[in-house]
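Here the structure is laid out as structure tokens; the discussion comes afterwards.
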């Protein structure tokens, strides 16, 4: 009884129309919906040469810390973890694409967090976010969705390099078939709204990999978490201070900005934490939680930590307070001790999660106005150029610049503003360099 009263005092559970049981179920649901990140993030960042064992620990640790802060300090039912799309940008655009050392890439993430914090002061961040046309924000989400789907198809082996057509259908190897089976399982479960459908798809492919002998069975299931020493504190902030890296810094910041605001605005209304004036309760603390999590995450050794839209799954079953986030965070801490199992999960098994998350992100484009070519064209450029140039920042830059140029040439100046022009200049610098 006393424990219930303490929780009530800390989280205002009944005031928000919830119960302790409802919050626990909400926290568990959110964890199941986003637990795929434990497998996928180390798989993606590990391609840079970063230690996979350390990445498993850091992924769980940063997700737990950030989500617990969200729950305890901001009293918000929203979980955080290394963001999808942002980890792909880190690996495929910066490290593998531009040849930037992963240590410097972590420094870039750190700087994006610092700039993000500076923009948070005085509400500047919100002003910039609201100055960017909504269609462009939608297109960024759609483009990233297409980009990570492309990566997922490559990891699956379904898409491969082809000297005649640049890309083509890959060879149907055993691992490809196993990955497709896992993908089908995940898709069917997601359609039936089974909690943790993507996680089950990953597990299915992994188990089949054990059966076929493509994956070695781990020596143990539970163990102490791998050390984070190989990547923690290894960020190179000085190396990030280059003119050629301004574009990536702001790309990280803007994508994180769009993700965070979009998730908070859409989920807060559903959670019932919007006041009569339409303002989100604790909005400032939620934004600062996101910023601090990114900075802490870069120091520990991972790409941008951001608010996960999968939090909507927990909200949908009744989560309305930070107690749900506390439950989610504790589950991430418990996941630390299952690293031997996570470490053997192959890329073709996690590919299903990349593809399905890509679908969820891409479906946002339904909100675009397909009759307004003036806006549709730059949105289309963003969406197609991200996967075709294998770069989120280039796709974003080309789309923003085309939007500004089209509106300048057609004399539609009322759709332009100083923050948008400033972003355009940064995009131009990014392309030129």
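Relative contact order (percent) for the stretch 1-160, with alpha-carbon contacts under 8 angstrom and 6 or more residues of separation?
15
Within the stretch 343-379, what residues put their amide N at less than 16 Å from the label point 7 Å along the Cα-to-Cβ vector of residue 212?
Counting backbone N atoms under 16 Å from the label point, the list is 345-352.
Please give the FRET efficiency for residue 188 paired with residue 167, using the beta carbon to beta carbon distance and R0 = 22 Å, rounded to the nearest 0.05.
Given R0 = 22 Å and the Cβ-Cβ separation, E is 0.20.
Could you check the simple spin-label distance between residue 413 and residue 429, using points 7 Å along Cα→Cβ, in nm with one decimal?
2.5
Calculate, in nm to one decimal, what residue 222 and residue 421 gain on full extension: separation in residues at 0.36 nm each, minus their alpha carbon distance.
66.3 nm
Starting with the highest mean, order 105-117, 281-293 by the number of other Cβ atoms within 10 Å, averaged over the residues of each peptide.
Sorting 105-117, 281-293 by mean packing, highest first, produces 105-117, 281-293.
Can you give the FRET efficiency to the nearest 0.05 for residue 275 and residue 406, using r as the Cβ-Cβ distance and R₀ = 45 Å?
0.70
Please give the FRET efficiency for residue 389 paired with residue 121, using the beta carbon to beta carbon distance and R0 = 30 Å, rounded to the nearest 0.05.
For residue 389 and residue 121, the calculated efficiency is 0.35.
Mind pulling up the Rg/Rh value for the stretch 205-330? Radius of gyration and Kirkwood radius, both on Cα.
Rg/Rh: 1.08.
Peptides 219-228, 241-250: what's the order by average Cβ count within 10 Å, highest mean first?
241-250, 219-228
Mean residue ellipticity at 222 nm from the helices of the chain, using -39,500 (n - 2.57) per DSSP H segment of n ≥ 4 over the full residue count, to the nearest 500 deg cm²/dmol?
Calculated from helices alone, the mean residue ellipticity at 222 nm is -21000 deg cm²/dmol.
Could you order the peptides 52-61, 162-171 from most to least packed, using the average number of other C-beta atoms within 10 Å per residue?
Packing proxy ranking, top to bottom: 52-61, 162-171.
Among 410, 67, which comes first, then next, by fewest other beta-carbon atoms within 10 Å?
Going from sparsest to densest Cβ surroundings: 410, 67.
Here, each number is a calculation from the coordinates, and none is a lab measurement. Note that the coordinates shown come from a computational prediction; the quantities given were computed from them, not determined experimentally. Cβ atoms come from the backbone with ideal geometry, glycine included; neighbour counts cover every protein chain shown.
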